[in-house]
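These notes are about the structure you will find just below.
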Amino acid sequence: MKEKRHLVMWVEFIVLAVLLARLEIVRIRQNSKAVQEYTCAGRELEGAQNGWGKREEKAVSDKVIGAGNSRSEKKKAALTFDDGPNSQYTPLLLKGLKERGVHATFFLMGKNIEGKENLVKQMQEEGHLIGNHTYNHVQLDKISKEAAKEEIETTNQKIFEITGVYPAWLRPPYGEWRKNLDFYVEMFPVLWDVDTLDWKSKNVDSIMKIVRSEVSDGAVILMHDAYQSSVDAALQIVDLLMAEEYEFVTVEELILP
């Protein structure tokens, strides 16, 4: 009887020990989970704080960089020349631009390209942008869509045969763009901000006066490479504006920086 009681006690002891062991395991797991959750929460908090700090730091940094850039970044202007190439004056203009490290945009007339293919190739090789100014300098809104398309595409083809590149930029003569013409030709029309009227005055002082009074950051300047006065004025404009911290870029670089 006594032995039976001892056996029961041992069984109860073992059961109790097993229960206590299970309780301890549960407690440990719970504590471990709590620690894990606390650690995760701490990491998330730390991450959030660091993320906030980084975002704030980046924002401040961006502001500083932006402010720095706004102080040091040069104003931009695009010199554009219509009606070329001209066998007499375009070479002089290219020479002057190259000496100054300046790139311009040339809107070429298709009928003026023949016999001047080397000039067109030189424009490309020296980093200038070549655009389209129709074949016959026609006012696009005064002719049919079909005729306008032919004027543009014929000139594009001539330029492509020389450069291997189809122009994407079009200077519509007289600044007149035919409504919905972009559905027929995939090109970007480019107008201007400063009309130097160089073709009219053929006077350097008059051209410079207009530029001084009208130029601003992001300006597209309209000129023609068909007159000595235009070449002289264009190079003076470059010297003047570069001294005023302007950077000369192509139309493409100005519109799609």
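Entry note: the range 179-246 has Rg to Rh equal to 1.08, where both radii use alpha-carbon atoms and Rh is the Kirkwood radius.
Annotation for Leu240 and Glu125: the two label points, set 7 Å from Cα along the Cα-Cβ direction, are 3.3 nm apart. Lysine pair count for the range 114-202 (Cα-Cα distance under 12 Å; residues 8 or more apart in sequence or on different chains): 4. Inter-label distance, Lys76 to Ala147: 3.7 nm, where each label sits 7 Å from its Cα along the C-beta direction. Remark: relative contact order (the range 128-257) = 21 percent; criterion is Cα-Cα distance under 8 angstrom and separation of 6 or more residues. Fraction of C-alpha pairs exceeding 11 angstrom in the range 74-120: 69 percent, rounded to a whole number.
The ellipsoid that matches the Cα gyration tensor of the range 108-257 has semi-axes, each √(5λ) in whole angstrom, of 27, 17, 16, with the longest given first.
With charges set only on the Cβ (+1 for Lys and Arg, -1 for Asp and Glu), what does the dipole of the range 178-238 come to about its Cα centre, in debye to the nearest 20?
The dipole of the range 178-238 has a size of about 220 debye.
Pair-distance distribution P(r) for the range 217-257, from all Cα-Cα distances in 10 Å bins starting at 0: 26, 50, 23, 1 percent. Summing Lys and Arg as +1 and Asp and Glu as -1 over all other residues whose Cβ lies under 11 Å from the Cβ of Leu191 gives a net charge of -2.
One equal scatterer on each Cα of the range 76-163, no solvent, Debye formula: the resulting log10 I(q)/I(0) at q = 0.13, 0.14, 0.25, 0.26 Å⁻¹ is -0.42, -0.48, -1.23, -1.30. With a Förster radius of 45 Å applied to the C-beta separation of His137 and Arg100, the computed FRET efficiency comes to 0.95.
A short reminder: the numbers here are calculations on the coordinates, not readings from a lab. Everything numeric here is computed off the predicted structure, so don't read it as measured data. A quick note on method: Cβ atoms are made from the backbone with ideal geometry, for glycine too, and the neighbour counts reach across all protein chains shown.
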